[in-house]
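The values are calculated or read from the model by the stated rules, or taken from the named source; none is laboratory data. Keep in mind the model is a prediction, meaning the values are calculated, not measured. Glycine also receives a Cβ, built like all others from the backbone with ideal geometry; neighbour counts cover every protein chain displayed. Protein only, heavy atoms only, side chains kept; ligands, DNA and RNA dropped before computing areas. Shrake-Rupley method; radii C 1.70, N 1.55, O 1.52, S 1.80 Å.
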Amino acid sequence: MTVYIGVGSNIGNREDNIAKAFLLLNKYFLSLETASLYESKALYYKDQPDFLNTVFKGIIKENRTPEQILSLLLKTENSLGRERCEALPKGPRNIDLDLLLFENHIINKENLIIPHPGITERLFVLLPLLEFDKNLKDPSTVEKYDKFLNSLEKEGIYFYKSNRYIEKYKNS
């Protein structure tokens, strides 16, 4: 089963934070890949540092449910020192891991919505997601994700570094 994970960081050494998340998650997947890094302005709460964002694509090692993968992502955030602020849920964070897609599953629960509802609203998610497959489709609407690229604001998002950035972390 294939999963896509949205990744972001805007506190501390953002690239290191993302690489640490990758290395921690890697042991739970048969394979884990990363797209390139993109730098973007914050969308919802603007008074905070810029984000680095990417998407991880993982092939699940064991038979796991979407809820188990979400739990694994939350555990990884916690182990990296993520502190959630209820007063400012879209505020600064050292790491943010979102389960974007889980194969072609469609889930609508209080604590888990797949596909992630923000995919089509966020260029910083679409650009790295489409690096894996330009023909990727939304499981619920069956529309290709690249259709949404032209409708999103291009201001404030920049290519930061190719996906090869992770090699230096894997070898250290």
(request) Among the residues of the range 122-172, write down those that are touching a strand residue (DSSP E or B) at 6+ places or on another chain (Cβ under 7 Å), more than 12 Å from S36 (Cα to Cα) and open to solvent by 50 Å² or more (accessible area, probe 1.4 Å). (result) N135, K137, E143, K144
(message) With the requirement that a residue be touching a helix residue (DSSP H, G or I) at 6+ places or on another chain (Cβ under 8 Å) and charged (D, E, K, R), what does the range 140-167 give you?
(response) D146, E153, K154, K161
(request) Among the residues of the range 7-63, count how many are over 16 Å from the mean Cα position of the chain (by Cα), within 21 Å of F159 (Cα to Cα) and either without any contact (Cβ under 8 Å) to a residue 60 or more places away in the chain or in a strand (DSSP E or B) (or both). (result) 5
(message) Show me the helices (runs of 4 or more DSSP H) entirely contained within the range 65-172 in which 3 or more residues are over 24 Å from N17 (Cα atoms) and acidic (D, E).
(response) none
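Rundown of residues vs (1) open to solvent by less than 50 Å² (accessible area, probe 1.4 Å); (2) polar (S, T, N, Q), yes/no style:
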| residue | (1), (2) |
| --- | --- |
| V3 | yes, no |
| N13 | no, yes |
| L32 | yes, no |
| L43 | no, no |
| D47 | no, no |
| K61 | no, no |
| Q68 | no, yes |
